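A.B. asks: Please read through the structure below; I'll follow up with questions.
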Amino acid sequence: MKQAPDFTLPYIDSEETFTLSKYKDKIIMLTFWASWCPDCGVDLPKKEQLYQTMDHSKVKMITINVTGRERNIEDAKKYYEKFLTQPTLTDRETNVYDMYKAEGVPSTIIVNQKGELAFQFSDQAEFFEIVRALGSLI
């Protein structure tokens, strides 16, 4: 397995940043999204429910707003404030989205405890497939 590309991005609601490589001992699930996306509107609420029940000592769930695919950042912030409690980052245009060769939104990436790219799901993935992949690592 290859190493997941490292990145540092700012949180959508603060000046703090998140750096992937600082969490090598955890499973990390990244979800790329945009506020206008109907598939994200189906996917993110399910992931939000999963986040509410997840063992955060083992799994870190992060969403990343793809600012380069947004109409404007205010739409993204409104969506985040209304629907998400999990940590949310803002991409620099499509920088990290492109590093991970994401195809469409939502795209889901699961990084294992060794910092390796374990699973990658496109916007066509079924939620159950993602949960099953996550479960296989825990």
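The values are calculated or read from the model by the stated rules, or taken from the named source; none is laboratory data. No experiment lies behind these values; they were computed from the predicted model shown. Using ideal geometry, Cβ is built from the backbone for each residue, glycine included, and neighbour counts are taken over all protein chains shown.
A.B. asks: Would you tally the residues in the range 16-52 being modelled with pLDDT under 95 and buried (at least 19 other Cβ atoms within 10 Å of the Cβ)?
C.D. replies: Within the range 16-52, residues that are modelled with pLDDT under 95 and buried (at least 19 other Cβ atoms within 10 Å of the Cβ) number 0.
A.B. asks: Let me ask another. Give Leu89, Leu44, Leu84 a once-over and let me know the one that is closer than 18 Å to Arg132 by Cα and aliphatic (A, V, I, L, M). Full working, then the answer.
C.D. replies: Details: Leu89 fails: closer than 18 Å to Arg132 by Cα; Leu84 fails: closer than 18 Å to Arg132 by Cα.
Just a single option satisfies the conditions, and that option is Leu44.
Yes/no per residue for (1) modelled with pLDDT of 95 or more; (2) touching a helix residue (DSSP H, G or I) at 6+ places or on another chain (Cβ under 8 Å):
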{"residue": "Met1", "(1), (2)": "no, no"}
{"residue": "Ser14", "(1), (2)": "no, no"}
{"residue": "Met54", "(1), (2)": "no, no"}
{"residue": "Ser57", "(1), (2)": "no, no"}
{"residue": "Lys60", "(1), (2)": "yes, yes"}
{"residue": "Val66", "(1), (2)": "yes, yes"}
{"residue": "Glu81", "(1), (2)": "yes, no"}
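A.B. asks: If I ask for residues that are more than 11 Å from the chain's Cα centre (by Cα) and not hydrophobic (A, V, I, L, M, F, W, C), which ones from the range 22-41 would you list?
C.D. replies: Matches in the range 22-41: Lys22, Tyr23, Lys24, Asp25, Lys26, Ser35, Pro38, Asp39, Gly41.
Yes/no per residue for (1) under 13 Å from the mean Cα position of the chain (by Cα); (2) more than 20 Å from Gln120 (Cα to Cα):
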site	(1), (2)
Asp43	yes, no
Ser57	no, yes
Val66	yes, no
Arg71	no, yes
Asp98	no, no
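A.B. asks: Just give me the residues in the range 119-129 being under 14 Å from the mean Cα position of the chain (by Cα) and not in a loop (DSSP other than H, G, I, E, B), in sequence order.
C.D. replies: Scanning the range 119-129 gives Phe119, Gln120, Phe121, Phe127.
A.B. asks: Right, here's the next one. Would you mind telling me which numbered condition in (1) closer than 28 Å to Met1 by Cβ; (2) at pLDDT 95 or above Thr85 fails?
C.D. replies: Tallying (1) closer than 28 Å to Met1 by Cβ; (2) at pLDDT 95 or above, Thr85 fails exactly one: (1).
A.B. asks: Give the residue that is farthest from Leu9 (Cα to Cα), with candidates limited to residues of the range 92-118 that are touching a Leu at 6+ places or on another chain (Cβ under 8 Å) and hydrophobic (A, V, I, L, M, F, W, C). Before the answer, list the steps.
C.D. replies: Taking the range 92-118 and keeping what is touching a Leu at 6+ places or on another chain (Cβ under 8 Å), we get 92, 96, 100, 106, 108-113, 115, 118.
Cutting the leftovers down to hydrophobic (A, V, I, L, M, F, W, C) gives us 96, 109-111, 118.
Numbers: Val96: 9, Ile109: 16, Ile110: 17, Val111: 16, Ala118: 21 Å.
Among residues in the range 92-118 that are touching a Leu at 6+ places or on another chain (Cβ under 8 Å) and hydrophobic (A, V, I, L, M, F, W, C), the one farthest from Leu9 (Cα to Cα) is Ala118.
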